[in-house]
1. So if I restrict to the alpha-carbon atoms in the chain, what is the Rg, and what is Dmax, the biggest pairwise distance, in Å?
2. So if I take the centroid of the Cα atoms in segment 51-77 and the same for segment 262-287, what is the distance between those two points in Å?
3. What lysines sit close enough to Lys271 to cross-link, taking a C-alpha to C-alpha distance under 25 Å and skipping anything fewer than 8 places away on the same chain?
4. Mean separation of Cα pairs under 8 Å and 6+ residues apart, divided by the residue count of the chain: what relative contact order is that in percent?
5. For Val247, which sequence-distant residues (separation of 5 or more, or a different chain) have an amide H within less than 5 Å of its own amide H, given hydrogens modelled in the peptide plane?
6. Running Debye on segment 242-287 with equal point scatterers at the Cα sites and no solvent, what base-10 log of I(q)/I(0) appears at q = 0.17, 0.24, 0.25, 0.30 Å⁻¹?
7. Just from its helices, what would the mean residue ellipticity at 222 nm be for the chain, if runs of 4 or more DSSP H residues each count -39500 (n - 2.57) and the sum is divided by every residue, rounded to the nearest 500 deg cm²/dmol?
8. Compute the separation of the alpha-carbon centres of segment 201-222 and segment 3-34 and state it in Å as a whole number.
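Just so you know, all these numbers are worked out from the coordinates, no wet-lab data involved. Computed from a predicted structure; not experimentally measured. Note that each Cβ is placed from the backbone with ideal geometry, even for glycine, and that neighbours are counted across all protein chains shown.
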Amino acid sequence: MLSDEQISQYHSDGYVIARSVIDDGLLERLRVVVAEMLNEAQQLVDHNDKFDLEPSHTENAPNVRRIKTPHKWHSIFWDLIQSPGMISCLTRLLGADVRLHGSKLNLKSAGDGSAVEWHQDWAFYPHSNDHVLAVGLMLDDMTLENGPLLLVPGSHRIEKVWDHHQDGHFCGAISPSVNTDIDFENAIPCLGKAGDCSFHHVRLVHGSAQNRSQDMRRLMLYECAAADAWPYLKFSDLTEFNSRMIVGNPTVEPRSENVPIRMPFPPAKKKGSIYENQTILADRFFK
Ligand SMILES: O=C(O)CCC(=O)C(=O)O
C-alpha cells in the first residue's frame, strides 16, 4: 500500500496519505453503523462517555462532534484497523507489532463543525519512544472547505513538545502568538477521497478549521503505537492493554528512547475532550 518513497516522505514530512485503503463495501457498512450510533444521541442533554456534543446541540437538534473510543462500542472499528490495507501500512511504518492506544470519530456538521486548535498528540499521550502515529480514515471526501486536517510538515523532527498550557493548566492547544517558531501558514491540508487514510507522526503539529461546506465531514482517528512504546499515562491493566494489539505480539520490555516529554499536568480545567480542553486557550488561531 505504501511505496518506499511514501515511507521516506512519512519520515521527513511526518505524514503520508495512502489512497483507497478501505473499499466501498466496508466504508458503506461503517457509515450505516455511525448513523445508528448517532441516533442514540437524540435525547442527550450533555456530553457522556460515548458522545461529545457541539455547543449548538439540543435534544431536538442533535449535533455530535465526536464519538469517543468507537472501538469499544462496535466491532466494525476493529475490522477496519485490522483490514489488510491498514495492517500493511501500519507494519511498514511502526514494525511488526502494533497496539491500539485509542480511537475517536470526529464529526464536523455542515457549516458548523468545531475547529481543532494546533496541537501535538504527543502532548496528550507521551510514550517511552515515539514510534506512535495517528491514522485518519476519511469517511467523506476531504476538501479545502470542509475542515480537513492541516499538518505542519517536518514539525515532528524539531524534537520539541511545545507548551500546551494556559494559565498553568494543560489546555491541549499551542498558543499561536507565543509560539511564533511554528510555520502555521505553510501547513498542508490533508485532502483525499473517502476510503483514503492519512498517517501522521505523534509529534507532528496539526489542527483543523471549521467546516464551511454544506456537507458533514467525518474522520475516524486511530492512535497506534509500536508494541514496545509504553504510555506514560493511563496504564492500568495488562490484559486490557494487550487486548488492544492490532497485529503481532505484545511485550513487557519497553524500548526507552531519548525523546522530549512534557507532561499534561496540572490537568485541563475543562475535561472531557480536546474540544473542551481547548476552550481556555486565550488566543485562538481558528476564529
Ligand atoms: O478532526 C480533526 O480535524 C482534527 C482532530 C485532531 O487532531 C484530534 O482530535 O486530535
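1. Reported Rg and Dmax, both Å: 17.9, 51.
2. Segment 51-77 and segment 262-287 have Cα centres separated by 19 Å.
3. Of all the lysines, those that pass the test against Lys271 - Cα under 25 Å, at least 8 places apart if same chain - are Lys50, Lys68, Lys72, Lys104, Lys108, Lys160, Lys234, Lys287.
4. This gives 29 percent for the chain.
5. Val98
6. So the normalised log intensities work out to -0.82, -0.92, -0.94, -1.10.
7. Calculated from helices alone, the mean residue ellipticity at 222 nm is -5000 deg cm²/dmol.
8. Centre-to-centre (Cα) distance: 14 Å.
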